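The values are calculated or read from the model by the stated rules, or taken from the named source; none is laboratory data. Fair warning: this is a prediction, and the values are worked out from it, not measured in the lab. Cβ: placed from backbone, ideal geometry, glycine included. Neighbour counts: every protein chain shown. These area figures cover heavy atoms from the full protein model, side chains too; ligands, DNA and RNA do not enter into them. Shrake-Rupley method; radii C 1.70, N 1.55, O 1.52, S 1.80 Å.
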Amino acid sequence: RFIIKGGLAGAAVYVAYDQGLLGSGTQGAEALKKAQAALPPAIEEWTSYLGWELPPTPKFDFSPSDSWNKGVQSVMSALSVAPTRACEYTVEGWKYVKDLVK
C-alpha cells in the first residue's frame, strides 16, 4: 500500500511540475487557464456518458499572479512602516506609564 500511495503522490507531483503549476506565477496562471478551458468539456462528456445532470459551473475571474503581487505588496508595505509604528507605539506606551506613575 505504501508503494502505491508513494507512486500516486510522485505522479501527482510530476504532473503538477509538467503542467507548470510549480513554476512562476505566470506559468501557474497559464496552467489555470488551460484547466478552465479543458475541464468543462471533459466533465460534460462524462456526465452525458453516465447519464448524470450537473448544475452549470460558476465562472471565476481569478489571476493567481495578480493575487500574489497584491499580497507581496501588502506585506512589504506593512514591513516598511513597521519601524515608524513601533516608535509611535513606544512613545504612546511611555506616556501612558508616566501618567499612571504621577
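Looking at residue 6, is it on the phi > 0 side of the Ramachandran plot and either of a type outside the set (Asp, Glu) or not in a helix (DSSP H, G or I) (or both)?
Spelling it out, it is not the case that residue 6 is on the phi > 0 side of the Ramachandran plot and either of a type outside the set (Asp, Glu) or not in a helix (DSSP H, G or I) (or both).
Can you tell me which residues in the stretch 32-51 are open to solvent by 70 Å² or more (accessible area, probe 1.4 Å) and over 24 Å from residue 17 (Cα atoms)?
44, 45, 46, 48, 49, 50
Would you confirm whether any residue within the stretch 13-31 is surrounded by fewer than 12 Cβ atoms within 10 Å (Cβ to Cβ) and under 15 Å from the mean Cα position of the chain (by Cα)?
yes
Out of the stretch 30-67, which residues are modelled with pLDDT of 75 or more and among the small types (Gly, Ala, Ser)?
Correct list: 31, 35, 37, 38, 42, 48, 51.
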